[in-house]
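A quick write-up on the structure given underneath.
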Amino acid sequence: MNSMSLTGYSRGKKKGIRNHVILVSSVGCVNAMVEQVCSQERDVIPVLHPNGCGHLHEEAELVLKTLAGTCNNPNVGGVVVLGLGCESITSEQVAAKVDSGPEFNRYVEFFDLQKIKEDVVPFIRGKVRAIKEKVEKIPCVPINWSDITIGLECGGSDIFSGISANPATGLVSDYLVSQGGRVILSEVPEMIGAEEALCQRVKDAELRKVIYQKTQRYIDLAKKHGQDLIGSNPTPGNIKSGITTIEEKSLGCILKGGSSEIIDFLDYADKPSQTSGLFLMDTPGNDVESLTGMAAGGAQVALFTTGRGTPAGHPIMPVIKISSNSRVMKNMAWAIDVDAGKVLEGSSLDSAAKDIITALTQTCSLIPTKAERNRCYNFAISRLSPLT
Amino acid sequence: MNKNVSIESLGLQISPEDDVIVLLKDLSPGDYYVEQACKTVRISETIPLGFKVAIKEKKIGEPIIRYGFPIGFATQKIHVGQIVHTHNLKSSR
């Protein structure tokens, strides 16, 4: 697949594959007003969360970083931040961190409910429409694979995930890196047991130590709360299906990252450098928190493998769902984009990888994924990362 | 009899160093050729899809390789054609 057909939008030095206008809560208290405006302006996307106030200091920093990172994702062309007026993370603080203006092809405004003297919903709707008018004028430009950062995710995995969808996705990760792009592998609990396999692709000795430190941190955090992460994995369901050890489970998960050299271990919502390669990101195993972290780090698109099926998406990062087996594709065709289950019937991993690249090419040519069509705007900021 | 059918053709092996094949279909009882071991083995019970079948002999304490990496170690001697699971494979963590 050449990159001639890829289309996107220029945002300063970066390129996005969407031109979204988003209405972002700076604090959970205003969520209902955001929902009401977005239910009337259907092409404006709500970014909702319960955070923004009452945080410990480190948590507040992470919430602000994640909100700002989401607004700065190259898929975003217009931002209206709605706050309350008395919260810790103000709308003004979020807006101040957003790169805006004609050179970025991005426009931002912020408002606080407590300061709005007129009818709130029509007022915000007016402001959102004014931003939309500017954003609609932003032209499409051709883009390349080297402009793209992919976030990887697995959720609702089954025994086939490590046989079909994950290895096929790994081939796609390798392809993207060979074309100059970047890939982010996250979900640290799913790296426990696979550290040695990851370390073999790391040149820097310090980074190898970091990989073990990151997994150990989760093991210790769970132990502090009376939970044995290693002893409880694989789960009884996994064991009944044939997965025997935590090493086997995690090695199956990390397959989706492919075989490229690992460049860095990013903190939650951090941006990878522009070097092409595979990056790890410190996120929990929770799908939505993981997607949120990678999108805030600038990933323009996600590849999400699933065995049982899930509709989860993200407000501004298109999520491509890849099923590990054909039964879930049949039962949840409304949620799944690509079926890698053909591998179980004898097709090659290369053939499944080509199907994924086709879906990726379409998504990067303005065609919406099922999660986008279903308006699945899942958004959740990790609260674990800064607390240990 | 399935003497002409190799176990490897019924499963998936991610890496050439792997000690096990993961079955893509239930394996019915019968005789199967194991390419890796150059021998025919008799399977006496149905092995469900998704389970691992040994394609190499392993001694007690030896690491079991899948995906090109150790997934634990053998707690019993493992013969070619045997299921590899919790009764004979333990995590190293």
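The values are calculated or read from the model by the stated rules, or taken from the named source; none is laboratory data. The structure displayed is predicted, hence computed values, not measured ones. Virtual Cβ from ideal backbone geometry, glycine too; neighbours counted across all protein chains shown. Calculation scope for accessible area: heavy atoms of the full protein, side chains included, ligands and nucleic acids excluded. Shrake-Rupley method; radii C 1.70, N 1.55, O 1.52, S 1.80 Å.
Of note:
- Here the gap between residue A:178 and residue A:213, fully extended at 0.36 nm per residue and compared with their Cα-Cα distance, gives a gain of 9.7 nm.
- Here the ratio of the Cα radius of gyration of segment A:72-130 to 2.2 N^0.38 Å is 1.16.
- Cα centroid of segment B:43-75 to Cα centroid of segment A:46-85, whole Å: 48
- Residues of chain A: accessible area per residue with a 1.4 Å probe, Å²: 38
- 20 Å cut-off, amide nitrogen to a point 7 angstrom out along residue B:57 Cα→Cβ, residues in segment B:20-35: B:20-21, B:32-35
- In this structure, the pairs whose alpha-carbon distance is over 22 Å, taken from A:370/B:25; A:97/A:370; A:15/A:65, are A:370/B:25; A:97/A:370.
- Percent antiparallel among DSSP beta bridges (both partners in chain A, rounded to 5): 15
- Anisotropy class of segment A:316-372 from Cα gyration tensor, a/c 1.5 cut: oblate
- Over 19 Å apart at the Cα level, from the set A:249/B:56; A:137/A:271; B:56/B:77, are A:249/B:56; A:137/A:271.
- Pairwise burial B:A, computed as accessible area of each alone minus the pair, summed, 1.4 Å, Å²: 2000
- Fraction of accessible area attributable to carbon and sulfur, segment A:119-166 (%, probe 1.4 Å): 51
- Restricting segment A:300-388 to chymotrypsin sites (Phe, Trp or Tyr not before Pro) in coil, as DSSP defines it, with at most 11 other Cβ within 10 Å: A:334
- Gyration tensor (alpha-carbon) shape descriptor, segment A:113-174, a/c threshold 1.5: oblate
- Descending semi-axes in whole angstrom, ellipsoid equivalent of segment A:203-312, from the Cα gyration tensor: 24, 18, 15
- Cβ-Cβ FRET estimate between residue A:230 and residue A:58, R0 fixed at 22 Å, reported to 0.05: 0.25
- Counting only Cβ charges, +1 for Lys and Arg and -1 for Asp and Glu, the dipole size of chain B around its Cα centre is about 260 debye.
- Ratio of Rg to Rh for the protein assembly as shown: 1.02 [Cα atoms; Kirkwood radius as inverse mean 1/r over pairs].
- For segment B:1-76: span of alpha carbons on each principal axis (Å, largest first): 33, 21, 21
- Interface residues of segment B:60-93, defined as those losing at least 40 Å² of solvent-accessible heavy-atom surface relative to the isolated chain (probe radius 1.4 Å), are listed as B:67, B:69, B:71, B:85, B:93.
- Label-point gap, in nm, between residue A:86 and residue A:133 - each point 7 angstrom along Cα→Cβ: 3.5
- Simple spin-label estimate for residue A:274 and residue B:93 in nanometres, 7 Å along Cα-Cβ: 3.8
- Spatial separation of Cα centroids for segment A:235-267 and segment A:290-330, in angstrom: 17
- Cβ-based charge dipole, segment A:177-229, positive-most Cα from A:180, A:193, A:226: A:180
- Overall form of segment A:142-186 per C-alpha gyration tensor (a/c, 1.5; a/b vs b/c): prolate
- Interface residues of segment A:156-171, defined as a loss of at least 30 Å² in heavy-atom accessible area between the chain alone and the complex of all protein chains with a 1.4 Å probe, are A:160, A:163.
- Only beta bridges with both residues in chain B are counted; by DSSP, about 95 percent of them are antiparallel.
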